[in-house]
Every structure is written in C-alpha cells, then in structure tokens.
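One structure below.
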Amino acid sequence: MTDYSLLVHQFADELHKLDGTFIAEAAEKIPARVMQLLRERNAEAVLAWSAENLPVPGLLDHLRQEGIKIVDADVPRGEPDRAQKLAEIEKTTVGITGADAALADTGTLALRSGPGRSRLASLSVRTHVALFTPEQLHASWAAWWATLSDCAEWVSGASNLTLISGPSRTADIEMTLTVGVHGPREVIALYAD
C-alpha cells in the first residue's frame, strides 16, 4: 500500500527546491482555489485541457460561471484564422492542465499531449497550474513506468510526453540565470486531496 502522505511531502519539498509552488486542497475546494489563483494574477482567460482530461469535474464550468474565458488551444492551419488564434493564445497568461504523473523524488510533473491535452497550456503561458490526484502520485520515474508496462495504448495516443520540473530556466554563457524564457515563469502543482 502506498503511503501518499510521505510522497506528497517529498513531492512538495522537491518542487519547492525548484522554485515551484505546491498546494494541497480538498477536491471540492479546488474550483474556488483555482479562481483565487486567477484573480491574484488578474487573469480573465485560461488556456486549458478539455474537461474530460482534468481530474476535477466541473472545474471549467465553474470558471466560466465566474466570467473566465476558456481559450481553445486548437490552432487552425489556414490564414487568417491561424494568426488570430495564435494572437489570442499569446495573450493568455495562465494554463490549466492535469498530469499523468507527479514524481515525488524529483518534484516532476509528466504530461502526455494529444487531443484535448494541448502542450500550449503548459508551455506557452506565464503561469502553469497542473492538477493531480493521489492516483497520479508516484515515488519515482521507475515506479511510475513500471505501472505502465502493459499500457501500449497509453503511449500510442500521445504525440509527446513533457516532463516539467519547476519553472523554465535558462542561462547564458556567463551563467546568468533567467526564468520563464522557454516556458512558464511559475509552476503551481495543485494536489486534489
């Protein structure tokens, strides 16, 4: 039997070391907490995974009722629609996703992309809010991967797998660290307890 309390503590500690934010909240209180996070960031719109890919039922409906616009991340191929959609996405500063796994030993979130699970929601925004539950919490990459040994369809439905360990970081040749250049400046892992 997995001791989730130890894994949660380890995940939170590791994410904190990477300058990420960890919040544990009762599942029924998550919509209100997400709304609070959006207000604190003056966000009027979010780029989000589809409702069926989020572990908190009713979250997107709650946000809509509160006046938040849910931006669709599907980008048309043809112009001028493509340029208009990309401009809308560029203005959206907060992304909301689920997570396929939260790896306690490194404070890492694993996100599989595919239909209804756009990479843009985690990579093109200033603030990324990732929701996960005890079922997605694993001790390590190896422990998680072992649970997927018989899940070929899990891999075949994804266009890629993104591993996120805190905010985006890069440094130049003089070792000057910059946060948020190639991805989110802020990563918030929201655990539905």
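The values are calculated or read from the model by the stated rules, or taken from the named source; none is laboratory data. Computed from a prediction, not measured in an experiment: that's the story for all the values here. Neighbour counts are summed over all protein chains in view; Cβ atoms, including those assigned to glycine, are modelled from backbone coordinates with ideal geometry.
A few remarks follow.
- Qualifying residue in region 157-166 (condition: at pLDDT below 85, aliphatic (A, V, I, L, M), surrounded by fewer than 12 Cβ atoms within 10 Å (Cβ to Cβ) and more than 13 Å from L109 (Cα to Cα)): no
- Some residue of region 33-46 being part of a strand (DSSP E or B), buried (at least 16 other Cβ atoms within 10 Å of the Cβ) and at pLDDT 95 or above: yes
- Test: residue in region 83-100 that is assigned to a strand (DSSP E or B) and either among the aliphatic types (A, V, I, L, M) or over 25 Å from L7 (Cβ atoms) (or both): yes
- The residues in region 1-14 that are within 14 Å of H138 (Cβ to Cβ) and either in contact with a helix residue (DSSP H, G or I) (Cβ under 6 Å, 6 or more places away or on another chain) or surrounded by 15 or more Cβ atoms within 10 Å (Cβ to Cβ) (or both) can be counted, and the count is 6.
- Among residues of region 15-32, those that are assigned to a helix (DSSP H, G or I) and surrounded by fewer than 19 Cβ atoms within 10 Å (Cβ to Cβ), counted: 6
- When residues of region 98-134 are limited to those that are charged (D, E, K, R) and under 16 Å from the mean Cα position of the chain (by Cα), the one nearest to A27 (Cα to Cα): D100
- Residues (farther than 20 Å from D193 by Cβ and either touching a helix residue (DSSP H, G or I) at 6+ places or on another chain (Cβ under 6 Å) or without any contact (Cβ under 8 Å) to a residue 24 or more places away in the chain (or both)) located in region 27-47: R39, E40, N42, L47
- Qualifying residue in region 141-149 (condition: closer than 18 Å to E52 by Cα, out of contact with any Asp or Glu (no Cβ under 6 Å at 6 or more places or on another chain) and of a type outside the set (S, T, Y)): no
- G67 satisfies every condition listed in (1) in a loop (DSSP other than H, G, I, E, B); (2) surrounded by 12 or more Cβ atoms within 10 Å (Cβ to Cβ); (3) touching a residue at least 12 places away in the same chain (Cβ under 8 Å); (4) out of contact with any strand residue (DSSP E or B) (no Cβ under 8 Å at 6 or more places or on another chain) except (2).
- Residue, surrounded by the fewest Cβ atoms within 10 Å (Cβ to Cβ), within region 101-120, restricted to residues that are touching a helix residue (DSSP H, G or I) at 6+ places or on another chain (Cβ under 6 Å) and part of a strand (DSSP E or B): R117
- Residue count for region 70-82, restricted to those that are modelled with pLDDT of 85 or more and surrounded by 11 or more Cβ atoms within 10 Å (Cβ to Cβ): 5.
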